[in-house]
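Take a look at the structure below.
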Amino acid sequence: MPPKLFDRPDYKGQFRAHTRDEFKAFLAFARHYWLLSSLILAGLIVLFVQTSPFPPKTVKIATGQPSSSAQILGEWYRDFFATNGITLELVPSDGAEDNLKLLQDGSVDAAITQAGIPAPKGSGLLSLGSIEFMPMWLFYRGEPVDQNRATQLMSQWTIAIGLENSGTYFMVRDLLKEYGLRPEEYSNLLKMPANESVEKILHGELDALFILAGTESHNLQRLLNAKNLNLWNFKASKATAGRIQYADAVTFPRGAVSLSPLFPEQDIDLVSTSVTLTVSPNLHPAIQYLFMSAAENHYANSENYFDRPGGFPAFLDRNFKKSPVAVKYIENRGSILKYDFPFWAASLIDRAWLSIAALLAILLPLTKLIPQYRKYHLYLVQNTHYAAMNELVIQIREADSLEALSSLDFKFQELASTIELTWAPAGTKEKYFFMLNALETIRRHIERQKTSLELLKENRVNPQ
């Protein structure tokens, strides 16, 4: 094997040395120009306070009833947050309207709500946008019915319509109005939790139930797989959605539950609202950013029977003020740094890059106005050492005894050790070696003076 003509450069070592040089030079510069350094530090503190880069480690979100879509969605978000080092605590509730109350009174930091529910007055709550469609389903027992008799049937059936503060009840109320029915006027329309209503209809204790749910809902899956239930086809879904401002017409496709046997056997038209993430105006921007990232990931990795052009997240509900963080995220689909940096760093740069650029635009010209700032450390140390060496040379010349010279030699050794350990940044090595040469000159002074004093002492002892 032929010998190596040269060794590979020590890139890592040079990088570490250069970084160390820059840091030490900066400290020396900061001490020398303390006023300018203080102004720069004050600017950095102001920037730090304004951007608040570090988010809280624990966040609370209001979800919904057990086994509901909101609860399952919250669990998915909890796992996503955990991978980013944030604990997301799930707070159960009666539903979407109850979630808003919890958010308004400060019990939680975020809430899973739905389009159409009005924002509490003066709350200042922010919307992170809609994250998926949430259809309204109507299941009923018995044989398939003529849906032209919808109003008559709904006024006669015993129907569960959800808890009063739930999203189901909120939308059912508007939906029934389109059929000329008011829940408060009919005793057959029962308010109860989703879990309870599912159990009752499966055991024949209800004629029908409304449930607002995504396909991931455990309650919905039980209903879809029940053999003794029929699914209502809202054939006028487009017309109904046109009358309800926040609603959309969606289609549950044929065979979505099972291809063998085929179920449903035909496309099912449904009326849907959209799930919205709503947050406190005080929620840290980085956490808002993380919610947006979670929403984007959930949409990309979920079965989407109910899609829209442009996908999710998107602003479909106009009842809440839009979060600036969410607006920017949706416009740009997140920061280009989100795949390479922690979420809080990507969020910080995304929010504060303009301020950081402005600060650098001020600082860089200032550093150029002060030439050779990296050499100031050696410059200051060099002046101190040369002054000490000059004083030592004078004392050596004036030494009139070997004892005095020995004391000065000890002092010289201490000074030499200090100078030899002096840090010299790149570009100043020549001046550093000049100091070492000066030490050799002083060492020769000591030797000559020692020789002179020894001769003088010998002449005194042995005069001729």
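Every read-out reported here was derived from the displayed coordinates using simple, explicitly stated rules and does not represent laboratory data. Small disclaimer: the values here were computed from a predicted structure and weren't measured. A quick note on method: Cβ atoms are made from the backbone with ideal geometry, for glycine too, and the neighbour counts reach across all protein chains shown.
Using the Karplus relation 6.51 cos²θ - 1.76 cosθ + 1.60 with θ = phi - 60°, the per-residue 3J(HN,Hα) values for region 164-176 come to 4, 9, 8, x, 4, 4, 4, 7, 4, 4, 6, 5, 5 Hz, with x marking Gly and Pro.
Given their separation in residues at 0.36 nm each and the Cα-Cα distance between them, GLU420 and ALA30 gain 138.0 nm when the chain is fully extended. The packing ranking of peptides 142-150, 285-293, highest mean first, is 285-293, 142-150, where packing means the average number of other beta carbon atoms within 10 angstrom of each residue. Taking a straight Cα-Cα cut-off under 18 Å and skipping sequence neighbours fewer than 8 places away in the same chain, the aspartates and glutamates within cross-link reach of LYS429 are ASP21, GLU22, GLU420, GLU440. Spin-label model, GLN413/GLN221: points 7 Å from Cα along the beta carbon direction are separated by 8.3 nm. Shown for region 112-266: lysine pairs separated by 8 or more places, or found on different chains, whose C-alpha atoms are under 30 Å apart, numbering 14.
Using a simple spin-label model with pseudo-atoms 7 Å out from Cα toward Cβ, ALA17 and ASN319 lie 6.7 nm apart.
Highest mean first, the peptides 403-413, 208-218 sorted by other C-beta atoms within 10 Å per residue fall in the order 208-218, 403-413.
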